[in-house]
Amino acid sequence: MDLRLLRAMIVDDQAVPRRIAVEILRGLGVKDILQAEDGQDALEQIRRSSVPPDVIICDLDMPRMDGVEFIRNVA
């Protein structure tokens with residue numbers, strides 16, 4: 001699989017872990033990386049997008065909508 005074609009999303013309310021995840025993915029060659037601060041923001045981005053992410057990395061403990069509720073909604 002060509003990781004340059006992969007679309008990823010990082011969902012985390014903390015900027016530092018989100019930035020670290022982005023840098024790791026970029027280091028692997030992933031170019032298209034979406035970022036969201038919580039589950040609600042992530043769902044809104046997915047709904048607006050014509051192409052859903054291939055991979056979602058999600059924190060479980062977040063405000064407004066936690067990671068478990070987000071996963072339920074995405075499923």
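Below are the figures for this structure:
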read-out: DSSP bridge pairs, the chain: antiparallel proportion in percent, nearest 5; value: 0 percent
read-out: Nearest-10 value in Å² for the accessible area of residue 25, using the 1.4 Å probe; value: 20 Å²
read-out: The chain, dipole about Cα centre (Lys/Arg Cβ +1, Asp/Glu Cβ -1), debye to the nearest 20; value: 360 debye
read-out: Gyration tensor over alpha-carbon atoms, the stretch 1-57, equivalent ellipsoid semi-axes in Å; value: 18, 16, 6
read-out: Inter-label distance, nm, simple model (7 Å from Cα along the C-beta direction), residue 1/residue 15; value: 3.1 nm
read-out: Backbone N within the stretch 1-37 under 20 Å of label point (7 Å from residue 50 Cα along the Cβ vector); value: 5-9, 31-35
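The values are calculated or read from the model by the stated rules, or taken from the named source; none is laboratory data. If you're wondering where the values come from, they're calculated on a predicted model, not measured in any experiment. Cβ atoms come from the backbone with ideal geometry, glycine included; neighbour counts cover every protein chain shown. Protein only, heavy atoms only, side chains kept; ligands, DNA and RNA dropped before computing areas. Shrake-Rupley method; radii C 1.70, N 1.55, O 1.52, S 1.80 Å.
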